[in-house]
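Asker: I am attaching a structure below and will ask some questions about it afterwards.
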Amino acid sequence: MRRAPGVPALLLAGCLLAAGCVSARPVELAAPSGAAQSTYVYDAHGRLITTLHGPEDRTAVPLARVSRWLRQAVVDVEDARFYRHNGVDLRAVARAAVRDLDAGRVVEGGSTITQQYVKNAYASNERSLRRKLREAGLAMGVERRNAKDEILAAYLNTVYFGEGAYGIEAAAWAYFSTHANRLSLPQAALLAGLVRSPSGYDPFTRPAAALARRAEVLRRMARLGHLQPGQAARAAAAPLGLRPPGSRERRYPAAWFVRWVIDQLLDPADDRFAVLGQTRQARVASLFRGGLRVTTTVDLSVQASAERAARQVLAGQGGPYASLAAVEPGTGAVRAMVGGRDYFGDRRFGRINLATGAGGSGRQAGSAFKTFALAAAIEQGIPPEAVFDAPEQVTLKRAGGGTYTVRNYESQGFGKATLRQATAASVNTVYAQLLLRLGRGDPDRGGQVVAATAARLGVDQSTLAPHPSAVLGALSVTPLEMAAAYATLAAEGRHAPPFGVASIADGHGRVLYQARPRAERVLAAPAAAVVDDVLRGVVEHGSGVRAQIGRPAAGKTGSTQHNADAWFVGYTPDLAAAVWVGYPQARVPMTPPRTPLTVLGGTWPATIWARFMRAALAARPAREFPTPATDLVTVTVDVLRDCIPNRFTPAAQVGRVVYLAFAAPRRRCGAPAAPLRGVAPAMVGLPVTTAAAWLDQAGLGMTQRLVVRDDTTPGTVLGQAPPGGTAVRPGGAVALEVAVDRGGNGALGLTLVPEVLGLPAEAGLALLRQAGLHGQVTTACDTDADAAALRPGLVWKAAPGPGGQMALSRPVELWVNPPGCPPAPTTTTASPPGPTTTTRP
């Protein structure tokens, strides 16, 4: 025999019919509740950020200021006999009991508008017959003392419509950006239908259900004679017409940061804030109604600098978003946080905090993750001056079988490079080989070392799979984690977890919580100092030159496959910050024509970082990085071709300590060892002026191929052929690939004429300009008449020819076929060649 949940309704009906179990003394309408005790949120300097109120949005209006359609719709669908019963509708109670019994479950409530009102205003949330009886008695008492329209007004001003809106005025604004007295019939029917289940009929998330419920309300109104059938049909056919206000919430600064802080305060698992309660409900009550004073770590001036930098750099740049997190070294205090484009105005992504990974938005770090491999290498005694082969591609054998292939950006080879040079130029193949050394020949074990080092330094919230690809940043992380980890390096190897709440006090000033930042030693200070110095090279002459800020700074760029993510993470002794640029919805390539340029870590992210840091640190004096201790592990250096800066150790320690205690004697910068005669020195990463001097000492010449690179200091050697250490015939030349800016700056006096034959005249001239040269066009037909006739407007001759050396001050002469060159009397045309496919890694 089934259990019938309609029994309480039957008992209530019987009790009411007997009229002996309910007290119905007159009851006044509940007075409007007083203002909530707001919680005040302050920045680190005591400046008010915002106030936190209860989650209810209430605005009371008199019944005369409520649309007649809304009044009628609510009465018709919620309590059609409202104006005829005394607070409890016995007919509706009996009908509900019968239907519940027949269905074996609760399918109809039977509560009148008055009962719903007293439930909201007086009764508890207890689910029992006692509560039902008390509710019925209060409803009849309210009806004895108050007019029907007064009761309806009180109900409409307190009932919940969803979207945080309590009352019809708040609901009209939340859904349609209008006032209660201006609601149309379709709008009124939609809101009336929400009363039964605001979440079940939510038009934003369940539009089909909302439309069906609105149609049901309209049919009910027509059935009761309050609408003509045609009116109901036209209203049912109308679109939802939702118009939520774009900035309904009051704007306040540092909104992503405030939301991050609120989420922590409300999390019962975060026992730092146990004083607020053991459950989420208790913490909501404490935070939104407890009148607290929450002092945070954010600095509103620094925050404004962060938002301004991201906005200015990305304005009109094709749609990518930026996120930024800034952390104070040694304390972990979060000083700024940018989670996206517009917290309040961006309806699609505004509430996703890209800086903390809210919404599952952690992204691959690319080469910014190499820093953790570098730190692990220094710990194991591998010095920055260790020399590696730097081919365009390497393939590593995995201990468990299979291989792992790594390529450099644009498949570029670098000959040989030191670890320092490979860091500055972000050479993937060197770091792949470093992975082998860290794993003692096993790249998977090397990936474990890198992931463990990253977690130890502060990347401790994301899941870091110990895969070889970890060294190249294939793992997803967040800007907040990366900023915290790099802050560990800035703090001489001491890690302090990032935090946002400095203190909490009650309304009387009694301190309920006080943060006590603790920094733990996770990396030896001398090793941290070595990493600092290597990463300074990235900013001073490597891929991060756009991050220069006029004071000592260190950092690393990062870009992922297909240019879907771009990073710059950097620091000074006073502040660490991570910047990510990309699309929040997916890994979308940031390449032309979608973006004006190919976005790398050294482009927009480095520019945002520099603008932010210059402004954030403007009032602070510049500081040098700390001097490391001298008790480092002894290592042997096989090849020491480039100079080692005397930044940390006094002259008396030459020969004993060079970042690490090298067994080989150290030489000072400015006094390089003489290159071997007839042997190409390793020059990748050096200024071209230094490379030219070394080649001259080696008795060799040089040629240059210029490459426009926005992310590298002009004049930096990007590649060479043959590679360093290769014997070259006497008087021979080494071909250098040299970075230049878009104005051609950076080349050294002479350069190679690029391949311009077969190009249109304008394209050939543009290519010459890119190489730092200028051209002069002569219009004349090719001496091969057939070719001249078939290729009008194309370059057929250049002097000097492609590959020839040319002084930058002299023009290159181009000969171009004019239109109308006559063909030879007898013409033989060869079939055009088939298509060629180039695969880019």
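The values are calculated or read from the model by the stated rules, or taken from the named source; none is laboratory data. Source: prediction; values computed, not measured. Reconstructed Cβ throughout: ideal geometry from the backbone, glycine too, with neighbour counts over all protein chains shown. These area figures cover heavy atoms from the full protein model, side chains too; ligands, DNA and RNA do not enter into them. Shrake-Rupley method; radii C 1.70, N 1.55, O 1.52, S 1.80 Å.
Asker: Being open to solvent by less than 10 Å² (accessible area, probe 1.4 Å), modelled with pLDDT under 90 and not in a helix (DSSP H, G or I) narrows it down to one of 465, 417, so name that one. Step through it out loud before you land on a result.
Answerer: Details: 465 fails: open to solvent by less than 10 Å² (accessible area, probe 1.4 Å).
Result: 417 is the single residue among 465, 417 that is open to solvent by less than 10 Å² (accessible area, probe 1.4 Å), modelled with pLDDT under 90 and not in a helix (DSSP H, G or I).
Asker: Could I ask something else about it? Can you run down the residue pairs with Cβ atoms below 6 Å, 6 or more apart or on separate chains, where the first is in segment 204-228 and without any contact (Cβ under 8 Å) to a residue 12 or more places away in the chain and the partner is part of a loop (DSSP other than H, G, I, E, B) and of a type outside the set (Val, Ile, Thr)?
Answerer: Filtered contacts from segment 204-228: 209/201.
Asker: Moving on to the next point. Would you mention how many residues in segment 398-451 are polar (S, T, N, Q) and under 26 Å from the mean Cα position of the chain (by Cα)? Before the answer, list the steps.
Answerer: Just the residues of segment 398-451 that are polar (S, T, N, Q), to begin with: 403, 405, 408, 411-412, 418, 421, 423, 426, 428-429, 433, 448.
Then drop every residue that is not under 26 Å from the mean Cα position of the chain (by Cα), which leaves 408, 423, 426, 428, 448.
Counting residues in segment 398-451 that are polar (S, T, N, Q) and under 26 Å from the mean Cα position of the chain (by Cα) gives 5.
Asker: Kindly list, by first and then second residue, each pair from a residue in segment 262-281 that is free of Cβ contacts under 8 Å to residues at least 60 places away in the same chain to a residue that is part of a loop (DSSP other than H, G, I, E, B) and loosely packed, with under 13 Cβ neighbours inside 10 Å, limited to pairs with Cβ atoms under 9 Å and residues at least 6 apart or on different chains.
Answerer: 268/278; 268/279
Asker: With 368, 390, 336 as the choices, which residue is of a type in the set (A, V, I, L, M, F, W, C), in contact with a Ser or Thr (Cβ under 8 Å, 6 or more places away or on another chain), crowded, with 22+ Cβ neighbours inside 10 Å and over 23 Å from residue 561 (Cα atoms)? Before you say what the answer is, go through the steps one by one.
Answerer: Values: 368 fails: over 23 Å from residue 561 (Cα atoms); 390 fails: over 23 Å from residue 561 (Cα atoms).
Unique residue meeting the criteria: 336.
Asker: Looking for whichever is farther than 11 Å from residue 73 by Cα, part of a helix (DSSP H, G or I) and not polar (S, T, N, Q) here; the options are 189, 212. Which one fits? Show your work before the answer.
Answerer: Values: 189 fails: farther than 11 Å from residue 73 by Cα.
So the residue among 189, 212 that is farther than 11 Å from residue 73 by Cα, part of a helix (DSSP H, G or I) and not polar (S, T, N, Q) is 212.
Asker: Name the one entry in 126, 28, 108 that is at pLDDT 60 or above and either charged (D, E, K, R) or open to solvent by 60 Å² or more (accessible area, probe 1.4 Å) (or both).
Answerer: On the way: 126 fails: at pLDDT 60 or above; 108 fails: at pLDDT 60 or above.
One residue alone meets the criteria, 28.
Asker: Within segment 793-807, can one find any residue that is farther than 27 Å from residue 414 by Cβ, more than 48 Å from the chain's Cα centre (by Cα), at pLDDT below 85 and not in a strand (DSSP E or B)?
Answerer: So far as segment 793-807 goes, yes, one or more of its residues are farther than 27 Å from residue 414 by Cβ, more than 48 Å from the chain's Cα centre (by Cα), at pLDDT below 85 and not in a strand (DSSP E or B).
Asker: Has segment 502-515 got any residue that is under 18 Å from residue 373 (Cα atoms), open to solvent by 10 Å² or more (accessible area, probe 1.4 Å) and of a type in the set (D, E, K, R)?
Answerer: Let us first name the residues in segment 502-515 that are under 18 Å from residue 373 (Cα atoms), namely none.
No, segment 502-515 contains no residue that is under 18 Å from residue 373 (Cα atoms), open to solvent by 10 Å² or more (accessible area, probe 1.4 Å) and of a type in the set (D, E, K, R).
Asker: Please find, within segment 223-254, the residue that is nearest to residue 184 (Cα to Cα) out of those that are assigned to a helix (DSSP H, G or I) and open to solvent by less than 30 Å² (accessible area, probe 1.4 Å).
Answerer: We begin by selecting, within segment 223-254, every residue assigned to a helix (DSSP H, G or I); these are 223, 229-237.
Remaining after also requiring open to solvent by less than 30 Å² (accessible area, probe 1.4 Å): 232, 235.
Numbers: 232: 12, 235: 9 Å.
If we take residues in segment 223-254 being assigned to a helix (DSSP H, G or I) and open to solvent by less than 30 Å² (accessible area, probe 1.4 Å), then 235 is nearest to residue 184 (Cα to Cα).
Asker: Could you identify the single residue in 788, 780, 763, 824 that is open to solvent by less than 50 Å² (accessible area, probe 1.4 Å) and either modelled with pLDDT under 65 or closer than 22 Å to residue 705 by Cβ (or both)?
Answerer: 763
Asker: Then there is this: Quick one: in segment 420-459, which of the residues that are in a loop (DSSP other than H, G, I, E, B) and not aliphatic (A, V, I, L, M) is modelled with the highest pLDDT?
Answerer: The extreme case among them is 458.
Asker: Take segment 288-307 and flag every residue that is open to solvent by 50 Å² or more (accessible area, probe 1.4 Å) and either hydroxyl-bearing (Ser, Thr, Tyr) or more than 16 Å from the chain's Cα centre (by Cα) (or both).
Answerer: Let us first name the residues in segment 288-307 that are open to solvent by 50 Å² or more (accessible area, probe 1.4 Å), namely 289, 293, 301, 307.
If the condition is that a residue be open to solvent by 50 Å² or more (accessible area, probe 1.4 Å) and either hydroxyl-bearing (Ser, Thr, Tyr) or more than 16 Å from the chain's Cα centre (by Cα) (or both), then 289, 293, 301 are the ones that fit.
So that you can scan it fast, the table gives a plain yes or no per residue for (1) at pLDDT 95 or above; (2) surrounded by 24 or more Cβ atoms within 10 Å (Cβ to Cβ); (3) polar (S, T, N, Q):
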site	(1), (2), (3)
518	no, no, no
525	no, no, no
533	no, no, no
538	no, yes, no
544	no, yes, no
554	yes, yes, no
558	no, yes, no
574	yes, no, no
